[in-house]
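The values are calculated or read from the model by the stated rules, or taken from the named source; none is laboratory data. Source: prediction; values computed, not measured. Cβ placement follows ideal geometry from the backbone for every residue including glycine, while neighbour counts extend to all protein chains displayed.
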Amino acid sequence: MAAEELHLNLRNLHEDDYPAIKRLMDRVYDDIGGAWPEATLAKLVADFEEGQICIEDGEEIVGLALTVRVDYRRFSNPHTYDDLIGKRMQILNNPKGDALYGLDVLIHPDYRGYRLGRRLYEARKELCRQLNLQGILAGGRIPGYHEHADECSPQEYIERVGRREIYDPILSFQLANDFQVKRVLGQYMPEDEKSQGYATLLEWSNIFYQPDTSLLSQPKTQVRVGVVQWQMREFHSVEDVLQQVEYFVDAVSDYQSDFAVFPEFFNAPLMGLTDSTQRMEAIRFLANFTARFRDEMQRMAVEYNINIITGSMPLIKDERLYNLSYLCRRDGSVEEQYKLHITPHEKWDWVIEGGDGLEVFDTDAGRVGILICYDVEFPELARIMASRGLEILFVPFWTDTKNGFLRVRHCAQARAIENECYVVVCGSVGNLPSVESLDVQYAQSAVFSPSDFSFPHDAVMNEATPNTEMILFSDLDLDRLKVVRNEGSVTNLKDRRRDLYSLRWRKR
C-alpha cells in the first residue's frame, strides 16, 4: 500500500461497523478464535462509545482500539482476562471507573509500518486525560514467548525484550509507547498458546490526574512570580525600609502574583545607622531587627494575599550568628531556611555560621525551596530537594561583581536543567557607600526553566535589566514540569543511575 493512496480517518466506532470489525479481527486473530461476537461489540459501543476508536482507510476499518473503564485498585492487581467478561461474553464496563483498560489494539497486516498503532495509543491517552482518570491498564500478550520458553522464564523474557535482545510484536510496541510492566500475569488467557497463557500487566500513568476534590483545595498549576530587583539606598530608620518593602509587596500583588521575592541582605543599609567599620558589631546590630521584619512581612503576606520570600537576614540564635530566609505564606504561616554554605567574606568578616537543615515547602502555588546565594553553587542541595518534589527554587543573592553574579547565574541555570524545575534568582543593585563591605552591588535577576521544547529556546523565562531597580514578572506553568519529567526529550530525574550512585542527606 503506497502512502499517497491512503485516506485515513480517526473516529469512534458505531454499532453498524461490525461487518468491517469482523473482517479485521478474523484476519488478525486467526490464532485465538477470530472476531468477537456482534453482541459483545454492540454492548461495548453502547456502554462506552468514546473508548472505542478506529482508523479507517476510505470505508474500510484498518485499525482498532477497544477500551473500557475499570476500578484502578482492582485491576492494577493480579487478574485474568475473564475478570473483564460477564455473562454472554459481555465486556464489563464500569462507568464510574477511575482508569481505562486497554482490551485490544490491532492493525491490518497490510497497513503495518505506518505507525497507526501509535495514533490509536495517543488517542487513548488523550481520552484518559480528558476524563481525568489515573491511567491506562492493559493485560498484554507476549506472543513471541513460545519461541523462548525453553530457555527463559516469562520474567527473563520480559527483561530481554526491554533490553531489545528479543523483539516481541506486542510488548516491544507497548514499551515504546511509555507503558511500564508492573507484573507478570499467569493464566491470563489460557487459550493463548503463543504466550503460553502469560501476559504482562502494563500501566501508563496520567501525570495530569487530579483526584476528585474541591476546586478551592487543588494547588495552582499556573503561578505568577514577582521578583524585586532591589536598589540599595541610604535609609534613616527601620520604618523607612519597611515602607519600601510594603510598596513593592503592594505593587507585585496588584498584578495577581503568587510570590514576591526579595534579595539576600536587602535590609543591609540599616548597618549604616551604626559604626559599620566594626563589621561584627554592625551585622549583629542588623540582626536585632530580623524578628520585626519577619513579623511585618508575615502581616503583608496575609494583607496583600501573596506568598513572600523574604530575601535573607542575619539571625542571632544561642549567641551564634546565621543567615536565613523566611517563607511567609498568605495563610499566615511562616517557614525558615538557613544558609548552609557560608562564603569566606561572611565567615571571616561577620563570623556567620551555616545552618544544618534543608526543606521543601508546600504552598498553594507549588512545592518550593530556598537556597541562599552561595548554596546554589552546590548541586547536591538542589538534587536532594528535587527528590522531595521541588517545583520552584528561589535563590535570593547578593554579589558585588559581575563574575560573582555569573557564578550564581550559571549554577542556578544548571540546577533548573538538571532537576527539571524553575529557578528564580533575585539580587540587589546600586551603591551603598555608608556600609563597609557592601558598598557596591551587581545583579541581573532572572527566572530559568528546564531546556526543552515547551520552554524558551534559551531556558530563560525572563530576566531583568542589569543594575536597575525594577520588578520582574514571570508566569510559570507547573504542568509543563510534569511533561518534561515524564515525556521530555531527555528525562534527567528519571534517568539517574541509582544502581551506580546515590545521594542522601546526613544531618549532623
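Any chance the range 317-325 includes a residue that's among the aliphatic types (A, V, I, L, M), over 18 Å from Asp250 (Cα atoms), over 32 Å from the mean Cα position of the chain (by Cα) and crowded, with 21+ Cβ neighbours inside 10 Å?
No: zero hits.
Looking across the range 112-138, the residues that are surrounded by 19 or more Cβ atoms within 10 Å (Cβ to Cβ) and either over 28 Å from the mean Cα position of the chain (by Cα) or charged (D, E, K, R) (or both) come down to Leu116, Arg124.
Scanning the range 318-357 for residues that are under 23 Å from Ala301 (Cα atoms) and in contact (Cβ under 8 Å) with a residue 60 or more places away in the chain gives a single hit, Ser325. Taking every residue in the range 17-32 that is under 20 Å from Tyr81 (Cα atoms) and pairing it with any residue that is surrounded by 14 or more Cβ atoms within 10 Å (Cβ to Cβ), at least 6 positions away or on another chain, the pairs with Cβ-Cβ distances below 6 Å are Met25/Ala35; Asp26/Ala35; Val28/Leu106; Ile32/Asp192. In the range 268-289, of all residues being surrounded by fewer than 21 Cβ atoms within 10 Å (Cβ to Cβ) and of a type in the set (S, T, N, Q), the one that is modelled with the highest pLDDT corresponds to Asn288. Would you confirm whether any residue within the range 62-77 is surrounded by fewer than 16 Cβ atoms within 10 Å (Cβ to Cβ) and either among the aliphatic types (A, V, I, L, M) or in contact (Cβ under 8 Å) with a residue 40 or more places away in the chain (or both)? Scanning the range 62-77, I find no residue that is surrounded by fewer than 16 Cβ atoms within 10 Å (Cβ to Cβ) and either among the aliphatic types (A, V, I, L, M) or in contact (Cβ under 8 Å) with a residue 40 or more places away in the chain (or both), so the answer is no. Do we have any residue at all in the range 20-35 that's in a helix (DSSP H, G or I) and either of a type in the set (Asp, Glu) or within 30 Å of Pro211 (Cα to Cα) (or both)? Checked against the condition, which is being in a helix (DSSP H, G or I) and either of a type in the set (Asp, Glu) or within 30 Å of Pro211 (Cα to Cα) (or both), the range 20-35 yields at least one hit.
Return yes or no: is Phe248 closer than 20 Å to Val424 by Cβ and assigned by TED's automatic domain parsing to the domain that holds Met300?
Criteria met by Phe248.
Among the residues of the range 388-404, those identified as of a type in the set (A, V, I, L, M, F, W, C), outside any loop (DSSP other than H, G, I, E, B) and free of Cβ contacts under 8 Å to residues at least 60 places away in the same chain are Leu393, Val395. Of the residues making up the range 492-508, those that are in contact (Cβ under 8 Å) with a residue 60 or more places away in the chain and either closer than 26 Å to Ser205 by Cα or β-branched (Val, Ile, Thr) (or both) number 2. For the range 207-218, the condition of being farther than 30 Å from Asp479 by Cβ and in contact with a helix residue (DSSP H, G or I) (Cβ under 8 Å, 6 or more places away or on another chain) holds for none of the residues.
Would you point out the residue of the range 2-19, among those that are surrounded by 12 or more Cβ atoms within 10 Å (Cβ to Cβ) and over 18 Å from Gly51 (Cα atoms), that is modelled with the highest pLDDT? Going through the qualifying residues, I end up with Leu8.
Scanning the range 219-241 for residues that are out of contact with any Phe, Trp or Tyr (no Cβ under 7 Å at 6 or more places or on another chain), of a type outside the set (Phe, Trp, Tyr) and farther than 24 Å from Phe361 by Cβ yields Gln231, Met232, Arg233, Glu234, His236, Ser237, Glu239, Asp240.
To keep it simple, each residue is scored yes or no on (1) β-branched (Val, Ile, Thr); (2) farther than 27 Å from Leu321 by Cβ; (3) within 39 Å of the chain's Cα centre (by Cα); (4) assigned by TED's automatic domain parsing to the domain that holds Asp479.
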{"position": "Trp230", "(1), (2), (3), (4)": "no, no, yes, yes"}
{"position": "His236", "(1), (2), (3), (4)": "no, no, no, yes"}
{"position": "Asp240", "(1), (2), (3), (4)": "no, no, no, yes"}
{"position": "Val252", "(1), (2), (3), (4)": "yes, yes, yes, yes"}
{"position": "Phe259", "(1), (2), (3), (4)": "no, yes, yes, yes"}
{"position": "Glu264", "(1), (2), (3), (4)": "no, no, yes, yes"}
{"position": "Asn288", "(1), (2), (3), (4)": "no, no, no, yes"}
{"position": "Ala291", "(1), (2), (3), (4)": "no, no, yes, yes"}
{"position": "Asp295", "(1), (2), (3), (4)": "no, no, yes, yes"}
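In the set Thr401, Thr465, only one residue is hydroxyl-bearing (Ser, Thr, Tyr) and modelled with pLDDT under 95; that residue is Thr401. Of the residues screened, Gly51 is one that is over 28 Å from Glu193 (Cβ atoms) and in contact (Cβ under 8 Å) with a residue 12 or more places away in the chain. When the strands (runs of 3 or more DSSP E) confined to the range 142-261 are screened for residues that are under 25 Å from Tyr72 (Cα atoms), those reaching at least 1 such residues are found at 180-185, 199-205. Considering only residues that are more than 22 Å from Asp57 (Cα to Cα), assigned to a strand (DSSP E or B) and in contact (Cβ under 8 Å) with a residue 60 or more places away in the chain, which ones fall in the range 107-141? Those that are more than 22 Å from Asp57 (Cα to Cα), assigned to a strand (DSSP E or B) and in contact (Cβ under 8 Å) with a residue 60 or more places away in the chain: Gly135, Ile136, Leu137, Ala138, Gly139, Gly140.
Note on the range 56-93: residues that are over 34 Å from the mean Cα position of the chain (by Cα), part of a strand (DSSP E or B) and more than 25 Å from Pro109 (Cα to Cα) total 2. Please work out if Ala301 is modelled with pLDDT under 95, crowded, with 24+ Cβ neighbours inside 10 Å and within 21 Å of Ile471 (Cα to Cα). Taking the combined requirement at face value, the residue does not satisfy it. Restricting Ala99, Ala65 to residues that are modelled with pLDDT of 90 or more and in contact with a Lys or Arg (Cβ under 6 Å, 6 or more places away or on another chain) narrows the list to Ala65.
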